[in-house]
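Encoded as structure tokens, the structure appears first; notes follow it.
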Amino acid sequence: MSTRDTDWEGVRLHVVTGKGGAGKTTAASALALALASGGKRVLLIEVEGRQGIAQVFDRPPLPYEERKIAVAPDSATQPGGDVYALVADPESALLEYLEMFYNLRHAGQALTRVGVMDFATTIAPGLRDVLLTGKAAEAVRRKKAGKLFYDAVVMDAPPTGRIGRFLNVTSEVSGLARVGPIRNHADTVQKVIHSPQTAVHFVTTLEEMPVQEVLDGIAELRGLPGGGIQIGGIMINMVRPTELPAQELRDVAAGGVDEHELALGLKAAGLDGSVRLAGDLAAELTEHAVAAVGQQEQRNRLAEPGQPCYELPFITDGIDLGGLYRLSVALRDQGAA
Amino acid sequence: MSNVTPPPLDLDRLIDDRRTRVIVCCGSGGVGKTTTAAAIGLRAAERGRHVVVLTVDPARRLAQSMGLSRLDNTPRVVPIPKRPRGDTDGAPDATPGGSLHAMMLDMKRTFDEIVEAHADPDRAAQILANPFYQSLSSGFSGTQEYMAMEKLGQLRRADEWDLIVVDTPPSRSALDFLDAPQRLGRFLDGRLIRLLVVPAKVGGRAYLKVLNAGFGMVTGVLTKVLGAQVLKDVQTFVSALDTMFGGFRERADYTYRLLRAPGTAFLVIAAPEPDALREASYFVERLAQEGMPLAGLVLNRVHRSPAARLSAARAVAAAETLQSADGQEPGPHALTIAALRLHAERMQLAAAERRVAEHFTTAHPHVPVAEVPAQPDDVHDLAGLGAVGDSFYTG
């Protein structure tokens, strides 16, 4: 088997965060597909109960159950792989937990009906988070016949604004039970999240606000007590191609386009009304250049933390399974998986 | 002619109508709600209204440009930039007399103020110091939405402005804005939380007996998973808050009546992308169910081309002709080739955007739509907001 160098050798839990609207779920799904290729088994976990994964993979709503939702394509040199999905909701996770540690299956179901599970996870958001991260940690460590069951776990995590608190499990549950299974559970989760097995990736578009959130999020995670949490890559989503070299874009953005040159070119291509058309296309090109220069500024800001950046192309017709495969290939080509 | 052309949404008319007192901008995250709300506020002020814009989470530079450096719950005056008459098509004839204020929501402060307003000082201090209250007021899902609504109610009661523009909190789903406050209210007022406070009440016990689960088991399980301290904090909080529950419900009811009242207009903001428009669809349906007045859909960041008469296919063909004349190396036509390829992409993008917008209009043919063109750069100053506002001009 050929081994490829990827940027995240040894990472088994990939946490994907980003500002709402930046395409977190799409990027997480593409990453899961990319990690699965080469005959791997990958679990993709959704924790916000939005059924975003089902939408991205064009499936009916998914239950609280690990099920296979996609196959990574095989190639001439590489066999395909499997992506499983799990929609983890805190209520079910709590029920499962009560069953496992207290043998409270029937009582738990009764309590669910009266709304006690919902109530418990509502009054203690920390409990909610530790149950969800706990599901991911469990999947990372799960073994079958002495071998690790999943090669990697990808978590479509809460948005950047909440990611620090979500992952900082120990302090989250510090106000909760101080002994017993929840405590042990939290300690295990904490160990996994703070280990080199875990990396947090950020998804952004090239706009000011999502980029700022990435920078703030990275600073926050780096500043967490206990050595911080490993920062992964930055996935720049919805990148549109530019048609001119960088220097020329800057010139155009600053000084506009030589309409005369453009008119001559259009005429040479046999287009009618080349003078007026040149004016309109010049306006379009200038606007494009201004946008591209602004985007370059955001790229420069994203380079500051010193993490690898991966670019995901904009898919014009909305993301379908084909688009998702294209994104996963882009991630592999750039060494993200 | 396709039959999926929506009725136009005339934002200037909405703004100019003095009966419009509240405009609520909602939509899923990342679609430009804050920018749109700010642009509407500025535009309305330019057209003579006394406006306050309530923002929740503005981009840093945009906030700074409006003079908002802190989340401090205080409406600040935003100087309206002077613009020469008729400098662009859409520029309003600076109607004198308008004013613009903007403020950023501080949800914890807003919550604290409600507590202070409804409880005597000792009890208020007790509540504010309660660990459960602190997590409720700063980190609970739904609190931000609840407090945004509360603030809207306060601004309306203050009656210092004749138009309030509200930007709703950044959530993934547009519906959170309507659901979250009620969810939080239900929770605070709910049976379980009452049971924790008055476990001895016969009604409570009987209620749980019916469900074959004893009260002891409920607290037992909750203590196991949450720890005794958390439950104790909740209990103290709820008993301290007990006298305020009526107040909470009243305030929430007032705000919801306000949202249904004539004078309120909802704008659903969406980007021309499938996810954002799907959320917009849900929201439109929901507003209709709730009897809340929808003014229309603002389709934000729409790509158009000034050279739409040149199709993508012809642009690509022309670029190829020039490319074969130039050869492999960048030749004399490099600039034209780039312009043509770019144009083709722009046309394809515009067509894709139109298709998703048509999906929406097919499902909601009567919802008026206004398009706001994509700005080449992030909008981060008043001039940029002014340019967005100019695109509201439909005449």
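FYI, it's all coordinate maths here, none of it is from the lab. Worth saying up front: this structure is predicted, and the values here are computed from it rather than measured. When we count neighbours, we look across all protein chains shown, and the Cβ atoms used for this are built from the backbone with ideal geometry, even at glycine.
Give me the percent relative contact order of chain B, please, defined on Cα pairs under 8 angstrom at least 6 residues apart.
27
Remind me, relative contact order of region A:246-289 in percent, using alpha carbon pairs under 8 angstrom and six or more residues apart?
Values: 32 pairs, mean separation 22.4, N = 44.
Relative CO of region A:246-289 lands at 51 percent.
Shielding of A:275-287 by partners, i.e. mean partner chain Cβ atoms within 10 Å per residue?
6
Taking chain B as a Gaussian network, Cα atoms linked when under 10 Å apart, which of B:Ala295, B:Ala370, B:Ala117 shows the biggest mean-square fluctuation?
Judging by the Gaussian network model, the answer is B:Ala117.
How do the peptides B:13-19, B:58-64 rank, highest first, by the average count of neighbouring beta carbon atoms within 10 Å per residue?
B:58-64, B:13-19
Compute the distance in nm between two label points, each set 7 Å from the Cα along the Cα-to-Cβ direction, one at B:Thr5 and one at A:Arg67.
With each label point 7 Å from Cα toward Cβ, the separation is 4.5 nm.
Once both axes come from the Cα atoms, what is the angle between helix A:259-268 and the longest principal axis of chain A, in degrees from 0 to 90, rounded to 10?
80
Per-residue mean of other chain beta-carbon atoms within 10 angstrom of the beta-carbon, peptide A:120-130?
Numbers: counts 9, 2, 10, 15, 9, 5, 4, 4, 1, 0, 0.
For peptide A:120-130, the averaged partner shielding equals 5.
What does the helix-only formula give at 222 nm for chain A: each DSSP H stretch with n ≥ 4 adding -39500 (n - 2.57), the total divided by the residues, and the result rounded to the nearest 500 deg cm²/dmol? Show your work: numbers first, answer last.
Values: 14 runs with 169 residues, N = 337.
Helix contribution divided over all residues of chain A: -15500 deg cm²/dmol.
Return the inverse of the average 1/r over all pairs of distinct C-alpha atoms in region B:312-352, which is the Kirkwood hydrodynamic radius, in Å to one decimal.
Details: mean 1/r = 0.0979 Å⁻¹.
Evaluated over region B:312-352, this radius sits at 10.2 Å.
Which net charge results for the neighbourhood of B:Ala125, defined as the other residues with beta-carbon distances under 15 angstrom from its beta-carbon, given Lys and Arg at +1 and Asp and Glu at -1? Can you show the working numbers first?
Working: positive: B:Arg123; negative: B:Asp112, B:Glu113, B:Glu116, B:Asp120, B:Asp122.
Here the charged neighbours net out to -4.
Hey, got the average number of other protein chain Cβ atoms within 10 angstrom for residues in B:216-225? Don't skip to the end; give the middle numbers.
Details: counts 0, 5, 7, 1, 3, 10, 6, 1, 10, 17.
Mean number of neighbouring Cβ atoms from other chains: 6.
Return one number: the angle in degrees, 0 to 90 and rounded to the nearest 10, between the long axis of the Cα atoms of helix A:246-255 and the longest principal axis of the Cα atoms of chain A.
Long axis of A:246-255 versus the principal axis of chain A: about 60 degrees.
Listing A:Thr198, A:Thr316 from the residue with the fewest other Cβ atoms within 10 Å to the one with the most, what is the order?
Ascending Cβ contact count within 10 Å gives the list A:Thr316, A:Thr198.
Hey, with R₀ at 25 Å, roughly what FRET efficiency would B:Asp253 and B:Arg191 work out to, going by the Cβ-Cβ distance, to 0.05?
Approximately 0.80, to the nearest 0.05.
Round to the nearest 10 and give me the degree value, 0 to 90, for the angle of helix A:105-114's Cα axis relative to the longest principal axis of chain A.
60
How compact is the protein assembly as shown by the rule of thumb for globular proteins, expressed as Cα Rg over 2.2 N^0.38 Å? List each step's numbers first, then the result.
Details: Rg = 27.6 Å, N = 732, 2.2 N^0.38 = 27.0 Å.
Computed over Cα atoms of the protein assembly as shown, the ratio equals 1.02.
How many percent of DSSP beta bridges within the protein assembly as shown run antiparallel, rounded to 5?
Antiparallel bridges: around 15 percent, rounded to the nearest 5.
Over region B:312-352, what relative contact order in percent results from Cα pairs under 8 Å that are six or more residues apart?
52
Classify region A:192-234: rounded, prolate or oblate, from the alpha-carbon gyration tensor (a ≥ b ≥ c, eigenvalue square roots; a/c under 1.5 rounded; otherwise prolate if a/b is larger than b/c)? Mind dumping the intermediate values first?
Values: a/c = 4.54, a/b = 1.84, b/c = 2.47.
It comes out oblate by the Cα gyration axes.
Sort B:354-367, A:118-131 for me by packing, meaning the mean count of neighbouring Cβ atoms within 10 Å per residue, highest on top.
Ranked by mean Cβ neighbours within 10 Å, highest first: A:118-131, B:354-367.
Rounded, prolate or oblate: which fits chain A when a ≥ b ≥ c are the square roots of the eigenvalues of the alpha-carbon gyration tensor, with rounded for a/c under 1.5 and prolate only if a/b beats b/c?
prolate
Count the DSSP beta bridges whose two residues both fall in chain B, then state the antiparallel fraction as a percent rounded to the nearest 5.
Looking only at bridges with both residues in chain B, the antiparallel portion is about 5 percent.
Over chain B, with a Gaussian network built from C-alpha contacts below 10 Å, which listed residue (B:Val166, B:Val234, B:Val316) shows the highest mean-square fluctuation?
Of the options given, B:Val316 has the highest mean-square fluctuation.
Calculate the FRET efficiency for B:Glu285 and B:Glu329 from the Cβ-Cβ distance with a Förster distance of 56 Å, rounded to the nearest 0.05.
Values: r = 57 Å, r/R0 = 1.01.
According to the calculation, E is roughly 0.50.
Can you tell me which of A:320-327, B:299-306 comes out highest on packing, and rank the rest after it, using the mean Cβ neighbours within 10 Å?
B:299-306, A:320-327
Select from B:Gly97, B:Gly384, B:Gly216 the residue whose mean-square fluctuation is largest in a Gaussian network model of chain B (Cα-Cα springs shorter than 10 Å).
Per the Cα network of chain B with a 10 Å cutoff, B:Gly216 tops the list.
What's the exposure ranking of A:Lys24, B:Lys232, A:Lys40, going from fewest to most Cβ atoms within 10 Å?
B:Lys232, A:Lys40, A:Lys24
Assign one of three labels to region A:246-289, namely rounded, prolate or oblate, based on the Cα gyration tensor with a ≥ b ≥ c the square roots of its eigenvalues; rounded applies when a/c is under 1.5, prolate when it is not and a/b is larger than b/c, and oblate otherwise.
On the way: a/c = 2.74, a/b = 2.12, b/c = 1.29.
Verdict is prolate for region A:246-289.
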